[in-house]
Amino acid sequence: MSTLQRAGRPLTRLTDLTRLTHLTDRALGPYQTAVIRIGLSFTWLCFLLREWPNRHRLYGPDGPWSWSLARQLITDNGAFTALLWNRSDWWFESCYLLAMASALLLMLGWHTRAMSVLSMIGVVSLQNRTVFVGDGGDNVLHLMALYLVLTRCGRVWSLDARRRRRATSGAGGLVLWICCGLALALVQTCTEARLHWTDHGPLPGLGWAAALWGLWLVHALWWLACEYAPGEPRSVLDALANLIHNAALLVIMAEVCLIYATAGWYKIQGTLWQDGTALYYPLHLDYFTPWPWLSHLLAGSGLMVLILSYATVAMQVAFPFTLANRRLKNALLVVMMAEHLGIAVLLGLPFFSLAMLAADAVFLPTSFLRWAGDAVSRRFREVRARVPAQRGGPPVAGERAGLTGGGGPGR
């Protein structure tokens, strides 16, 4: 064996160790996960606000999809929803308001670990209560709400990041943890929750009772390590959290690619997409034409319908393969985001488009996100400095707005 071959093994082991350290010493994509957190929470909150007048008809106990029918379906498929734990109106109103509050606090980044769990419970509970309401955007929200629980999505652009920069700590996290534990214990003992420990959960062999109590105990372990073991135990937990975050980030990226790939390949099998006329028909449906004159103007051009139909299929099929080339991926990402904006305007599906835009943000370049964050921060500081001057007071020069966070380097 030559000297080069003998020296190759230690070099390979060192390279593998470096790669493993790269996955555990930092949370990758902090700006991307922050955009996903803000975008999905904003989408969910806007949807709940829009449906506030219709909430009883959509998700209430006396809606068209009755409480008994929903209970029968949940019994058959084992889905999770907190709305079936109690049939009273006050319970429904409490769950709806909790879903709105958790979405708002998660968007702001206030105790993101706890709020991501509460927001996930709100999303899953409302969507599983009436499964026949919604569109493809609901599926994206449903999946991403589950994945966000495993990410460290509050590293930047959050109230948590602002608190870390100021090196301030309070009893809010401990009080919130205690309240969540008491609420979970009360739910299991005083309602018809029927939370299972080993089945009908988010993962095979893991019930919702085990998942929720496990997350509650993990948060307790993290708090104890931060308060009483800031040395090696905290470092080990931090490395595990980074590893889980990076794995969840990879799953989110794979999920987005899977959504586009399956949509594109299924379209190829349809005859309407093959002959380029698929977009003509939804542009003539009243349900998908919020601006009839604009839809009819677009549908009146056969060439435009043909180009948009073929381009949609080509972009969806090609997108996973463009990830190997950064420039090509970025260019196609801009086109696909523009397509989602067009869907929101032409077809009247704003929440579907917002959900997909938030999911697509996982592929945005870190440099662009940091530049956008700095631009918003500068604009906010200018506005805050201009307000005291208009009121006759001294301008607030150099005041920090607290919008940018100090996270690890991006991908």
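Counting the residues of the stretch 261-299 that are open to solvent by 90 Å² or more (accessible area, probe 1.4 Å) and over 29 Å from Leu40 (Cβ atoms) gives 9.
Quick one: would you say Leu258 is part of a helix (DSSP H, G or I) and open to solvent by 20 Å² or more (accessible area, probe 1.4 Å)? Answer is yes for this residue. Counting only helices (runs of 4 or more DSSP H) wholly contained in the stretch 82-175, the ones carrying 1 or more residues that are more than 23 Å from Leu186 (Cα to Cα) and acidic (Asp, Glu) occupy 136-148, 159-165. The residues listed here are Thr151, Thr130; of these, the one that is open to solvent by less than 50 Å² (accessible area, probe 1.4 Å), in contact with a Phe, Trp or Tyr (Cβ under 6 Å, 6 or more places away or on another chain) and among the β-branched types (Val, Ile, Thr) is Thr130.
Tell me, which residue of the stretch 40-59 that is open to solvent by less than 20 Å² (accessible area, probe 1.4 Å) and in contact with a Ser or Thr (Cβ under 8 Å, 6 or more places away or on another chain) is farthest from Phe351 (Cα to Cα)? Here the residue is Tyr59.
If you filter the stretch 60-110 down to residues that are β-branched (Val, Ile, Thr) and in contact with a Ser or Thr (Cβ under 9 Å, 6 or more places away or on another chain), you find that the one that is most open to solvent (accessible area, probe 1.4 Å) is Ile74. Among the candidates Phe352, Phe321, the residue that is of a type outside the set (A, V, I, L, M), open to solvent by 40 Å² or more (accessible area, probe 1.4 Å) and free of Cβ contacts under 8 Å to residues at least 12 places away in the same chain is uniquely Phe321. Looking only at the stretch 36-63, residues that are assigned to a loop (DSSP other than H, G, I, E, B) and in contact with a Phe, Trp or Tyr (Cβ under 9 Å, 6 or more places away or on another chain) come to 4 in all. Just one of (1) in contact (Cβ under 8 Å) with a residue 12 or more places away in the chain; (2) touching a helix residue (DSSP H, G or I) at 6+ places or on another chain (Cβ under 9 Å); (3) not acidic (Asp, Glu) fails for Trp91. It is (1).
The values are calculated or read from the model by the stated rules, or taken from the named source; none is laboratory data. These numbers come from a predicted model, not from an experiment. Here the Cβ is made from the backbone with ideal geometry for all residues, glycine too, and neighbour counts use every protein chain on show. What goes into the accessible areas is simple: the full protein's heavy atoms, side chains included, and nothing from ligands, DNA or RNA. Shrake-Rupley method; radii C 1.70, N 1.55, O 1.52, S 1.80 Å.
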